[in-house]
Amino acid sequence: MSGLQSALEPAGEQAAGIHGLFWLMMLVCGAMYLLVLGGVAWTLWRAFRRRRPASEPTIDPPDIGLNRGMLGWAGLIVVGLTVLITASFLVERNIAAARARDALEVRVTGHQWWWRIEYRDPRTGGWIETANELHLPLGRTTRVALGSADVIHSFWVPNIAQKLDVIPGRINLLDLTPTRPGWFRGQCAEFCGVQHAHMAFDVKVDAPEDFERWLAGQAKAAAIPADPVAARGQQVVTGGQCAMCHTIRGTPSTGRAGPDLTHFGSRRSVAAGTLTMSRGAVQGWIAQPQALKPGTMMPPVALSGPDADAASRYLMELQ
Amino acid sequence: MPQTAPNGAQDSRAAAYERNLYQVAQGGRYFTWYGCGSCHGRSAKGPLNLGDRVWVHGGALDQVYGFIAERHPGATAGYAARIPAEQLWQITAYVRNLPRLTPEKRRRQDLDQVGEPQGSNWTGPVR
């Protein structure tokens with residue numbers, strides 16, 4: 001019931017509304033269910049009590065109590081449904097209502113099978129790109145503009161808000177207002193191809209000043225590695241096959257097809273939640289992505305042992 | 001999965017790419033992703049037009065592959081070091097198939113790829 005990815009432990013205003021609605025529905029439907037079971041039990045008990053020898057057929061007189069009971073039952077159903085419809089209308093209206101006007105602007109693009117995430121830079125007005133890890137300021141509304149590069153996906157962080165489909169050719173807007181700091185997990189919630197299950201992302205809710213510091217760090221170009229092995233790794237990554245699809249700001253790597261790797265080493269997971277971030281995972285992912293995530297668009301990159309080692313060391317240093 | 005360039009016009013690995021529409025279409029995807037269309041797009045004229053059946057540098061499998069991988073001019077030279085071999089096979093299959101890409105097929109392909117990354121200046125789907 002609880003955890004990093006659970007709608008039953010809300011950590012956002014939108015999710016809290018839905019959570020309340022969930023329990024109201026549980027209560028109303030649970031009460032109705034118990035009443036039905038009670039009615040069945042009572043009927044059976046009456047039938048047993050009145051059992052007579054079956055030799056002579058009898059005709060029961062009209063049961064006035066039963067008719068009244070049925071009327072009351074119909075009224076109860078109407079009242080129950082009215083309560084549920086009204087409550088869900090109010091919750092949905094509240095979720096759809098425009099919140100704080102100074103919402104943080106974030107663009108999220110669904111790709112097969114990863115998430116491109118861009119933040120509006122408060123200093124320059126440009127966009128700061130990262131991938132597969134969404135950071136949010138606590139207590140402030142973030143307005144996520146959802147777009148798709150290929151097929152229909154669905155963006156869902158159950159602890160913070162409802163899910164919203166990501167439709168090719170459209171921009172869908174979703175407000176997230178986190179109310180509790182910590183790590184959460186989001187997941188694509190619309191089947192989008194073979195690696196749909198490996199299309200997850202981490203969500204970090206931070207105090208606003210921590211978030212600002214993090215965002216300023218993400219806005220920076222990649223650090224130039226100091227030690228010679230990592231420097232060799234930089235040559236391998238930015239001068240070789242990685243650069244065709246990946247951007248590492250501050251280097252000749254300017255590809256746009258894959259995730260931005262400028263601060264890759266600071267993330268928690270590799271390949272959209274497929275692997276936990278570690279040097280071994282990075283090296284394995286470069287060498288045999290099809291073995292780890294069959295169908296991924298990442299091609300295997302054949303590197304010599306020392307080059308693979310240097311490349312993974314460099315990527316881990318991209319903090 | 002090929003790790004090397006074709007060893008001639010009749011390389012036995014060719015059929016798996018040139019006669020497989022999935023592989024040809026993947027080549028088209030990389031063609032878009034890597035921004036080839038910015039010069040070789042729909043309105044390309046003369047030697048930049050890859051679909052006119054005129055092969056300035058030879059139209060055989062190994063010639064097209066070799067030209068993209070080793071001899072492609074301009075700022076984008078040296079694709080052999082920057083694109084994995086299998087993708088080069090797919091791109092070659094796509095390029096050699098371009099004369100057969102009718103306007104209707106091209107229109108469908110453009111629709112399929114409308115939101116996909118295109119070159120290094122791409123800023124996102126439908127903004």
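Annotations
- Using just its DSSP H runs of length 4 or more, each adding -39500 (n - 2.57), chain A gives a mean residue ellipticity at 222 nm of -12500 deg cm²/dmol after division by all residues.
- Highest-first arrangement of A:294-307, A:268-281, where packing means the average Cβ count within 10 Å: A:268-281, A:294-307
- Other protein chain Cβ atoms within 10 Å, averaged over every residue that makes up A:164-174: 2
- Spin-label model, residue A:302/residue A:279: points 7 Å from Cα along the beta carbon direction are separated by 2.5 nm.
- With a Förster radius of 22 Å applied to the C-beta separation of residue A:145 and residue A:224, the computed FRET efficiency comes to 0.10.
- Debye intensity ratio in log₁₀ form over the Cα atoms of chain B, taken at each q of 0.12, 0.17 Å⁻¹: -0.43, -0.90
- Going from the isolated chain to the complete set of protein chains, region A:215-263 loses at least 10 Å² of heavy-atom accessible area (1.4 Å probe) at A:239, A:240, A:241, A:243, A:244, A:245, A:254, A:256, A:257.
- The protein assembly as shown pair-distance distribution - Cα-Cα, 20 Å bins, rounded %: 21, 43, 21, 10, 4, 0
- Each Lys and Arg contributes +1 and each Asp and Glu -1, all at the Cβ; summed about the Cα centre of chain A, the dipole is approximately 640 debye.
- Taking amide H atoms as placed 1.01 Å from N in the peptide plane, the amide H of residue A:134 lies under 5 Å from those of A:202, A:203, A:204, each 5 or more residues away in sequence or on another chain.
- Peptides A:29-38, A:207-216 ordered by average Cβ neighbours within 10 Å, highest first: A:207-216, A:29-38
- Each helix, a run of at least 4 DSSP H residues, gives -39500 (n - 2.57); summed and divided by the residues of chain B, these come to -11500 deg cm²/dmol at 222 nm.
- Overall dimensions of region A:181-235 by Cα: Rg and Dmax, Å: 17.1, 45
- When the accessible areas of A alone and B alone are added and the area of the pair subtracted, with a 1.4 Å probe, the result is around 2100 Å², both sides summed.
- If both residues of a DSSP beta bridge must be in chain A, then about 70% of such bridges are antiparallel.
- Nearest-20 debye value, region A:228-316 charge dipole, Cβ charges on Lys, Arg, Asp, Glu: 200
- For the protein assembly as shown, with +1 on Lys and Arg beta carbons and -1 on Asp and Glu, the positive-most of B:63, B:50, A:89 along the dipole: A:89
- Span-rule helices in chain A, defined as complete DSSP H runs reaching 24 Å or more along the axis (Cα) with Kyte mean at least -1.0: A:13-49, A:64-96
- Residues whose amide H lies under 5 Å from that of residue A:269, counting only those 5 or more places away or on a different chain, are A:277; hydrogens are built 1.01 Å from N in the peptide plane.
- Near residue B:68, once Lys and Arg are set to +1 and Asp and Glu to -1 for all other residues with Cβ below 14 Å from its Cβ, the sum equals 0.
- Remark: mean inter-chain Cβ contacts per residue of A:183-189 equal 0, using a 10 Å Cβ-Cβ cutoff to other protein chain atoms.
- Region A:222-319, Rg to Rh (Cα coordinates; Rh as Kirkwood inverse mean 1/r): 0.92
- Length available on full extension from residue A:5 to residue A:194: 0.36 nm per residue minus the Cα-Cα distance, which gives 65.9 nm.
- The spread of Cα positions in region A:1-150, taken along each principal axis and listed from longest to shortest, comes to 92, 31, 29 Å.
- Karplus (6.51, -1.76, 1.60) ³J(HN,Hα), θ = phi - 60°, over region B:81-91, in Hz, Gly and Pro reported as x: 7, 10, 10, x, 4, 4, 5, 5, 4, 5, 5
- Selected from B:102, B:32, B:92 as most flexible by GNM, with chain B as the system and alpha-carbon contacts under 10 Å: B:102
- Computed from backbone phi with θ = phi - 60° and the Karplus coefficients 6.51, -1.76 and 1.60, the 3J(HN,Hα) list for region A:160-171 is 10, 7, 6, 8, 9, 5, 10, 10, x, x, 10, 10 Hz; x is used for glycine and proline.
- Simple point charges give the picture: +1 on the Cβ of Lys and Arg, -1 on the Cβ of Asp and Glu, and for region B:14-112 a dipole about the Cα centre of about 300 debye.
- Applied to region A:252-269, the Karplus parametrisation 6.51 cos²θ - 1.76 cosθ + 1.60 on θ = phi - 60° returns per-residue 3J(HN,Hα) values of x, 6, 9, x, 10, 6, x, x, 5, 10, 3, 10, 3, x, 7, 7, 8, 9 Hz, with x for Gly and Pro.
- Neighbouring partner chain Cβ atoms per residue of B:80-91, average, 10 Å criterion: 3
- Positive-end extreme of charge dipole, chain A - chosen from A:64, A:235, A:24 (charges on Cβ): A:64
The values are calculated or read from the model by the stated rules, or taken from the named source; none is laboratory data. This one's a predicted model, so the numbers in the text were calculated from it and none came from an experiment. When we count neighbours, we look across all protein chains shown, and the Cβ atoms used for this are built from the backbone with ideal geometry, even at glycine. Remember, those area values only see protein heavy atoms, side chains included, never the ligands or the DNA or RNA. Shrake-Rupley method; radii C 1.70, N 1.55, O 1.52, S 1.80 Å.
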